[in-house]
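Shown next, in structure tokens, is the structure this report addresses.
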Amino acid sequence: MNSQNQQNWQSQQLSEEDILYISSDFTESVARVNKFVLAEFEREVIEKQLYYHTKDHLMAVQQRAQLIFQVIRPYLSADVETIKRMELLLDVCAIAHDLVQIFIPHQPHTSRRREAGVSENATIEILLNYIQVLNQEISAFYPKSTALFTDTDLEIIQEAIAATICDYDTTEQAIYQPSLYNQSQPISPVACIIALADIGSLGIEGIPSYNQEGSLLFLEDNPDIIPIIKNQNVRTLATDNPELYENIRQRLLRRAKFQVNFAKSRLNRLSCELASLPADAIPTLTQAVFQYLNLETIQEIKATTPTNEQTSLEVLIKFFEFERLIKN
């Protein structure tokens, strides 16, 4: 979302449709927020030419988060109303966590990158501002309404989205989420679940989903490759532009190596990242939810992912299945 779009909605009251939608039910307030987020998100996808951060990713994170939540639900020491509210907040965070994508300016034929935390903090700001406007309108019509987002709700939302911020481990050559490692101040179950669900495709869904996410991320971060694939110029690129051929080959090779390293890191880190969740739920989470995080999966990824330095561009493009993904 650009700054003009932010100013447009922030400077206006809710529409008549919005006001009619409001009731004293918190569930409907959550639905209102989700509707706003999805509408803004669709514009972001088109404007930024996003392939990975699409509605499909949001729905995948929402589904993974629900799988984790259903396992830990019986072990939560809270009343039914609090648990229901936690589940609703989980959906808000899953749907809203990638609302904004802000890329660092980059040179031609290089991968575009995001600075850690910038997109997430912008997302938090836009989301909380919208919720505050919503709260004001609800208060005006229903002074004693139970539909309001409380300060605690807002803290949970902010913490959960911030928990998806990633850092890079130079030893593992993979990303991880530092919020999951703050032993002095453990994060809430909602924040922990959103973080785990955000980068949990390998463990929860297996290798095909993991590989597809990697391919979509590469397309999103390297949009200059898209017209080359669409126009089928790869076949002649080695002759027509050998420098660009090698440039793209090296970028893909780095992505392939990252795929292997990231998979190994996910397995190595799982037990530590689950530690803040109820202890009685961890065996089920490990064996049934993150069922694909095991040595056999890692070995298969290592065996099937082309990481040899001499791998041709054609082989790499076939592995990442770009033609199929672009057509879809």
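The values are calculated or read from the model by the stated rules, or taken from the named source; none is laboratory data. Just so you know, these numbers come straight off a predicted model, no measurement behind them. Using ideal geometry, Cβ is built from the backbone for each residue, glycine included, and neighbour counts are taken over all protein chains shown.
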Which numbered condition trips up T152, out of (1) under 30 Å from I301 (Cβ atoms); (2) of a type in the set (V, I, T); (3) more than 20 Å from the chain's Cα centre (by Cα)?
(1)
Quick one: V33 ticks every box in (1) at pLDDT below 95; (2) within 24 Å of V118 (Cβ to Cβ); (3) of a type in the set (A, V, I, L, M, F, W, C) bar one, so which box is it?
(1)
Is it the case that the stretch 39-57 has a residue that's part of a helix (DSSP H, G or I), more than 13 Å from the chain's Cα centre (by Cα), among the basic types (K, R) and over 22 Å from A197 (Cβ atoms)?
yes
Test for E81: is it surrounded by fewer than 16 Cβ atoms within 10 Å (Cβ to Cβ) and either in contact with a strand residue (DSSP E or B) (Cβ under 8 Å, 6 or more places away or on another chain) or acidic (D, E) (or both)
yes
Would you please name the residue that is modelled with the lowest pLDDT, looking only at residues in the stretch 94-150 that are assigned to a helix (DSSP H, G or I) and β-branched (V, I, T)?
I138
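Each row is one residue, and each column tells you yes or no for (1) at pLDDT below 95; (2) β-branched (V, I, T); (3) in a helix (DSSP H, G or I).
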site: R251; (1), (2), (3): no, no, yes
site: Q259; (1), (2), (3): no, no, yes
site: K264; (1), (2), (3): no, no, yes
site: D280; (1), (2), (3): no, no, yes
site: T286; (1), (2), (3): no, yes, yes
site: T307; (1), (2), (3): no, yes, no
site: K318; (1), (2), (3): yes, no, yes
site: R324; (1), (2), (3): yes, no, yes
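Return a yes/no flag: does the stretch 257-271 have any residue that is closer than 30 Å to I187 by Cβ and β-branched (V, I, T). Reasoning before the result, please.
From the stretch 257-271, those closer than 30 Å to I187 by Cβ are 258-271; that's our starting set.
Still in the list and also β-branched (V, I, T): 260.
Yes.
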Need pairs with beta-carbon distance below 7 Å; first residue outside any helix (DSSP H, G or I) and within the stretch 184-195, second small (G, A, S); sequence gap 6+ or separate chains.
P186/S276; I187/A163; I187/S179; I187/S276
D153 fails exactly one of (1) part of a strand (DSSP E or B); (2) within 20 Å of V61 (Cα to Cα), namely (1)
Residue identified as modelled with pLDDT of 95 or more, surrounded by fewer than 19 Cβ atoms within 10 Å (Cβ to Cβ) and hydroxyl-bearing (S, T, Y) among T311, T236
T311
Can you say whether E172 is acidic (D, E) and in contact with a helix residue (DSSP H, G or I) (Cβ under 7 Å, 6 or more places away or on another chain), as far as the supplied structure shows?
yes
Please name all residue pairs, on different chains or six or more residues apart, with Cβ atoms under 8 Å, provided the first residue is in the stretch 282-293 and is on the phi < 0 side of the Ramachandran plot and small (G, A, S) and the second residue is crowded, with 16+ Cβ neighbours inside 10 Å and part of a helix (DSSP H, G or I).
A288/V71
Within the stretch 134-186, which residues are surrounded by fewer than 14 Cβ atoms within 10 Å (Cβ to Cβ) and among the aliphatic types (A, V, I, L, M)?
A140
Residue count, the stretch 252-264 (criterion: closer than 15 Å to F290 by Cα and surrounded by fewer than 19 Cβ atoms within 10 Å (Cβ to Cβ))
1
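Among the residues of the stretch 156-183, write down those that are in a helix (DSSP H, G or I) and of a type in the set (D, E, K, R). Reasoning before the result, please.
Residues of the stretch 156-183 in a helix (DSSP H, G or I): 156-162, 178-181.
Of everything in the stretch 156-183, just one residue is in a helix (DSSP H, G or I) and of a type in the set (D, E, K, R), namely E159.
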Just a yes or no: is a residue in the stretch 201-220 of a type outside the set (G, A, S), farther than 22 Å from K302 by Cβ and surrounded by fewer than 22 Cβ atoms within 10 Å (Cβ to Cβ)?
yes
